[in-house]
Amino acid sequence: MKTKIFAAAEFRRILLVFCTLLFSSGVAYGQVAQLNGVSFAHGESGLDVILTFDQAFDYKSFTLPDPARAVIDISNADLTFSLGAFDLQGSSIKQIRTGQAGEDLRIVFDLQQRMALTTAQEVLPDESGYQLIVTLAERTPTMVAPVTSMWRDITVVIDPGHGGNDPGAVGAQGLQEKEAVLSVSQALGQLINTQKGLQAILTRHDDSYVNLRERLAVARDARADFFVSIHADAFNEPNAQGVSVFALSESGATNEAAHWLAEKENYSEVGGVDLSDLYGKSEVLRSILIDLSQASTINTSIQFGSEILQHLQPVAKVHGKQVEQAGFMVLKSPDIPSILVETGFISNPEEELKLGDEDYRQDLARAIYSGMQSYIGGNLPEDSLLAIQQQSTTYEVVSGDSLSMIAQTHQVDVSEVRGLNSLSGDTIFSGQQLLIPPSS
């Protein structure tokens, strides 16, 4: 049966109705999850902090930049020993702090520097408890743009396929898919980060392997607006050619809600609605909400992918005239529009030659970037810097002006003017062009 595609406004309305029904039902909170063990290990991705609880739990995780911190909020949880007694010398963690807010436990890792954060929850083999594995990457992602204002950047997570011991497809001349797509992804990330208000994050920066679920976790932890996976196609017929763009198929989405429920992944928010109180209370409701979100996200992904495919056509031969749909694992985030771009057939000798050419890779990256700009420009989130810039007016500073006077005249806060114009202080000069945000 074909899944209904909901418009964004209709989707939000349905979610709110479901949540209202749930919260009015008076479902009682479950038992308190007890933290009864902490250990540390150096994994392939960085430092792993393993928190062991006696029962299932729900949680949120995020990072803060200044000072650098990683924060884990665990609902309905408690601990009976101090985490401050651990010897952290030589690690990336300065200290561990905890706090209790009602029934919720907050764990804060004060870090030596900004680090990438990924999390995963697992059931112990003997089902005697549950572990939260907090991974702090020891290499800060190089493509994260610095925060320049009080409004948020639109975040695009770029996923170069394969890597490490997984070369992907290999052409007749020996070109490996993992090498070509990393080059295209890095060029795309650099283009995105040249535009103020956009931010690119790569799931891998070198010839390393990242499993598929970890790629999704990078997007989730980054609160990504879009996810773009870059690959190269292959076929047993060497004449197959052309670029393709894929979104998730409805059949590929069918069992995904069941996976998140079974694995107890952290989906504390879907489609702008807080689901943090749903954990363990109504699996049916949670499944319905994830299904609805995924249906809406697939629709957005197709529109986003269509713009990119249109901009690829002048650069490369096109294999499919429209966005295709398939059940690729990396496209299964329920509320992050996600596409997979096949940059050509590495099994085709002519296209292998092109994919090995740095100039052609740059052309592909520029085409993908142009398609992104086209779609994002017409669908700006209201709280994004780009949306505020679009609504702003320009003011030319004259002699005798001060920043506070300009802000007062336009009925805006002086900090908003600083943030929008990336000013570190209040110094301005005659003739300077300032962007003035709309009055609140």
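The values are calculated or read from the model by the stated rules, or taken from the named source; none is laboratory data. Bear in mind that the values here come from a model prediction, so they are computed numbers and not experimental data. Backbone-built Cβ (ideal geometry, glycine too); neighbour counts: all protein chains shown. Surface accessibility is based on the protein's heavy atoms, side chains included, excluding ligands, DNA and RNA. Shrake-Rupley method; radii C 1.70, N 1.55, O 1.52, S 1.80 Å.
List pairs: first in the stretch 374-390 and on the phi > 0 side of the Ramachandran plot and of a type in the set (S, T, N, Q), second open to solvent by less than 20 Å² (accessible area, probe 1.4 Å) and in a helix (DSSP H, G or I), Cβ under 9 Å, 6+ apart or cross-chain?
The qualifying pairs do not exist here.
Working only within the stretch 238-261, note down all residues that are modelled with pLDDT under 90 and surrounded by fewer than 21 Cβ atoms within 10 Å (Cβ to Cβ).
Within the stretch 238-261, SER249, GLU250, SER251, GLY252, THR254, ASN255, GLU256, ALA258, HIS259, TRP260, LEU261 meet the criteria.
If I filter the stretch 201-241 down to residues being among the basic types (Lys, Arg) and under 13 Å from the mean Cα position of the chain (by Cα), which single residue comes out as nearest to GLY161 (Cα to Cα)? Spell out the reasoning first.
Of all residues in the stretch 201-241, those among the basic types (Lys, Arg) come to 204, 213, 215, 220, 223.
This time we only want the ones that are under 13 Å from the mean Cα position of the chain (by Cα), so: 213, 215, 220, 223.
Details: ARG213: 13, ARG215: 10, ARG220: 18, ARG223: 20 Å.
Taking the candidates together, the pick is ARG215.
If the requirement is being open to solvent by 20 Å² or more (accessible area, probe 1.4 Å), within 25 Å of ILE230 (Cα to Cα), among the hydrophobic types (A, V, I, L, M, F, W, C) and modelled with pLDDT of 90 or more, which of these qualifies: LEU380, LEU364?
Details: LEU364 fails: open to solvent by 20 Å² or more (accessible area, probe 1.4 Å).
Just one listed residue meets the conditions, LEU380.
Consider only pairs whose beta carbons are under 6 Å apart and that are at least six residues apart or on different chains; among these, list those whose first residue lies in the stretch 416-440 and is within 12 Å of ILE406 (Cα to Cα) and of a type in the set (A, V, I, L, M) and whose second residue is surrounded by 12 or more Cβ atoms within 10 Å (Cβ to Cβ) and at pLDDT 90 or above.
Cβ pairs passing all conditions: VAL417/ALA407; ILE428/VAL397; ILE428/LEU403; LEU434/TYR395; LEU435/SER392; ILE436/SER392; ILE436/TYR395; ILE436/HIS410.
Looking for something basic (Lys, Arg), open to solvent by 20 Å² or more (accessible area, probe 1.4 Å) and under 21 Å from ARG204 (Cα atoms) - is there at least one such residue anywhere in the stretch 56-75?
Looking for residues that are basic (Lys, Arg), open to solvent by 20 Å² or more (accessible area, probe 1.4 Å) and under 21 Å from ARG204 (Cα atoms), one finds none in the stretch 56-75, hence no.
Which condition from (1) open to solvent by 20 Å² or more (accessible area, probe 1.4 Å); (2) without any contact (Cβ under 8 Å) to a residue 24 or more places away in the chain; (3) more than 16 Å from ILE192 (Cα to Cα) is the one that GLU396 breaks?
Here GLU396 meets the rest and fails (2).
So in the stretch 357-390, with the set limited to residues that are among the small types (Gly, Ala, Ser) and either in a helix (DSSP H, G or I) or touching a Gly at 6+ places or on another chain (Cβ under 8 Å) (or both), which one is nearest to ALA187 (Cα to Cα)?
Going through the stretch 357-390, the residues among the small types (Gly, Ala, Ser) turn out to be 365, 367, 370-371, 374, 377-378, 384, 387.
Going one step further and asking which of them are either in a helix (DSSP H, G or I) or touching a Gly at 6+ places or on another chain (Cβ under 8 Å) (or both), we end up with 365, 367, 370-371, 374, 377, 384, 387.
Values: ALA365: 6, ALA367: 11, SER370: 13, GLY371: 15, SER374: 18, GLY377: 21, SER384: 24, ALA387: 25 Å.
Per the stated criteria, the residue is ALA365.
Taking SER333 as meeting all but one of (1) over 24 Å from PRO167 (Cβ atoms); (2) surrounded by fewer than 19 Cβ atoms within 10 Å (Cβ to Cβ); (3) within 21 Å of the chain's Cα centre (by Cα), write down the number of the exception.
(2)
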